[in-house]
Structure formats: structure tokens, C-alpha cells
Amino acid sequence: MATIKALSVAASAALIVCGTGKVVAAATFNDAPLFNDVVSYNTTISANNDIADIYYPSPSNLKTGNYSFPVALLLQGANVDKSDYSEYASIVARYGFVVVVPNHPRSLPQFGFTGLLPETSQINAVLGQIQVENSNPASPIADVINTQKLGLLGHSAGGAVGLSAIANLCLSPIQCEGSFNRPNELVAGAFFGAGLRNQNQEYIPINNSGIPVALLQGTQDSRALPINAEKTYEQIQTPPKALISILGANHYGITNINNPLGPIPDPNMPTLPQDVAVETVARWSGLFLRASILDDKAAFDYVYSTGDALDPNVSVISQAKAVPEASYIWGLVILSASGAVLGLKKTKQHTQENRNVANCNLIHKVDLLL
């Protein structure tokens, strides 16, 4: 698989770049986090008494540098403890975000469930708590938070909750109890190992109102199948949107260790080392949030254009903006490398929808991921 991806990247390099300017941009962009140091602390969410870990960048001039970090709420998978996300949350925070990771205990006796399970009410509860933290002089993150910008992160059940929240849905009783209204502060979401279906296992249209959504999906995931992510991606009504496949990761490619204690394990063993999987998922999550929340053009180009070719551990479908129907014309691209003639895959397979770089007229990358 790694060899196939490498050949695909080499072949695509000549296709996605029409001039030297784009090559330079791709080669010089640094996809590493912006901050070296991250600090975390523990607090209680007042509205629901959830215990939460909060991760934030800690430059030496934190209190004098006029920082305003957006918030990223990580909605956990079922029975996955908040501590299992410490590596992932730390990396995302280093991209310039205050990352909140609560434990949310629930009891659903009608389903025989008692344990950790996210729900949409956490979103407004955390927004309220962040207001408190920002205005409390004793808080480590006082006066450095942009309380008007919230991105959602999620794993498994948490990703499904995040997707329903972005769609402004209250899917009772598992994801939402009572009612829910999407807050104006919610402006982006990136979810790992997640899809959105109703109790009849039907895929639900996600009317995201232009809120950018990324689905990150391990190709070895047997708990949340890759096909479910693809079908969910198709239901996201308006771009920007992306489906980022992590090659060789399983359902727990986002947690510190594979198959942590508590949740149902994934019987598929990952072929991508765990630390590489976590870093890859976190890097793409952080850059997606920067592109979506902070209008970071370099991050935007990485997510929607250059990153797929630069990262051997991913394969990306993306759509940066609405494309006229007439643009969906697909054909064959003849590659001179090795004398091969390779057919392009269509949008729903592992390539990008928006390869129109400069005057390339929709030249598309060849991607041989099976």
C-alpha cells in the first residue's frame, strides 16, 4: 500500500502543478504546529458537572502577546476516557487552539448503557464555561480565548454527535435529549471514525449551511467502516468538505494506544504505527481548523490541494467550493512515467474534486488506493 501511494504521489506531482510557483508553495509550506509548548489543566464544566481537560498553547509571551485562540471541543467516543486523547489534543492545541476534552457520563437504561457518551448539550455547556474561563483572572487561559469561534472535534460516537449538531438536528435520545439549536459560534468540524445514520441505518442529509466539515477515516477501521464515511461525505450538502483517509489506521488511530481500556476494541490491527496515526490525524485536524476558522490560506491549500501528494499516509477527497454541474467531466490521463496509461478515479473515490490549479482545467491526480 505504501508503495502504491508513493507511485501515485510521484505521478501526481506533474499533474497537479502547472507552473513552478505552485511547486515552490507546496515545497515551502511547513505543516508543523505553530507552537512548541502546550499546557493542560483540569476543570469542571459548571452547566453539567463534567470534568474536562483543557489544552492550550503556552508561548513565553502568552499574557503579553495579544493572543486570541479559538476553541475546539473534542467529543469523545463511547467509553473512551478523556485521558486517552491527550496526545491528539496536545498536537491540535499546538496549531493555535484551546482544546477542551470533557468526560460526559450518561445513563440510557432503555439501551442498557451506562458510561461515557457524548451529546449535543455539551456544546452550549462548554461555550458557557469558556466564557467563564476567559473572564476569570485566576484562569490559566484568561483573556487569550476567542469565545466567538468554536470548532468541533469528535471520535466515533462523538463524531456522529458533532455531525448532527452541525446539521442542527436533535437525534433523540442517543445524541440529543430535549432540544438543540446550533450556536452561531460553531463554525467548523473535523471528525474521526464517524458517520451519521438514523435508527433505521439510513444516511441522513447533513444541511451544514456552508460550515466546513472534514471526515477523517482509518482504512483499517472495522468499527466505523470506510464505506460509511464515504456515504456520509456524500450527504454533506455544501462545501467546503473533505474526506481524509488515514492509510493503515484503525478505529483507534486517534487515541494514545490502540484499543484503550473501556470501549469495544477494534479487531483489525493497524498497519500504521500508533504515534504516526495520532500525529497524522491531529495534523490534518489542526490544519483543517486553521483553514476553516482562521482563514489560513496556506493551511487551506494544504488541505484542499497539496497535502494529499505530500503526505504518504493519507488519501483525500475534497471539495473547496460548489462546482457547476458541467465541470464533472471525467476522462483518462496518459502518464509517460513507466509508459503507463492510468485511468482517473471519479469524485467518490480517493482523489480530489477540486484539482483546478491555475489554468490546469481540472487536471486530476491519479490515486491507486484500493
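Values quoted throughout were computed directly from the atomic coordinates according to the rules given, and no laboratory measurement underlies them. Not measured: the values here are computed from a predicted model. Counting neighbours? That spans all protein chains shown, and the Cβs are built from the backbone with ideal geometry, glycine included.
Net charge near residue 155: determine it from the other residues with C-beta under 14 Å of the C-beta of residue 155, scoring Lys and Arg +1 and Asp and Glu -1.
Taking every Cβ under 14 Å from that of residue 155, the sum is -3.
Go ahead and run the numbers for FRET between residue 184 and residue 271, Cβ-Cβ distance against an R0 of 30 Å, rounding to 0.05.
0.10
Work out how much length residue 238 to residue 295 would gain on full extension: take 0.36 nm times their residue separation and subtract the Cα-Cα distance, in nm to one decimal.
18.8 nm
For a Förster distance of 30 Å, can you work out the FRET efficiency between the beta-carbons of residue 172 and residue 32, rounded to the nearest 0.05?
The calculated FRET efficiency here is 0.10.
Determine, from the Cβ-Cβ distance of residue 111 and residue 202 and an R0 of 25 Å, the FRET efficiency 1/(1 + (r/R0)^6), rounded to the nearest 0.05.
The computed FRET efficiency comes out at 0.85.
Over segment 198-257, what is the relative contact order in percent, taking alpha-carbon pairs closer than 8 angstrom and at least six residues apart?
This gives 44 percent for segment 198-257.
Counting pairs of alpha carbon atoms under 8 Å apart in space and at least six apart in sequence, what relative contact order in percent does segment 31-322 give?
RCO, segment 31-322: 17 percent.
How high is the relative contact order of segment 135-266? Use alpha-carbon pairs under 8 Å, at least six apart in sequence, and give a whole percent.
21 percent
Which translational diffusion coefficient, to the nearest whole µm²/s, is obtained for segment 31-322 from the Stokes-Einstein equation, given a Kirkwood hydrodynamic radius over C-alpha pairs, 4 °C and 1.567 mPa s?
69 µm²/s
Going by the alpha-carbon gyration tensor, a ≥ b ≥ c the square roots of its eigenvalues, is segment 157-299 rounded (a/c under 1.5) or, if a/c is not under 1.5, prolate (a/b greater than b/c) versus oblate?
oblate
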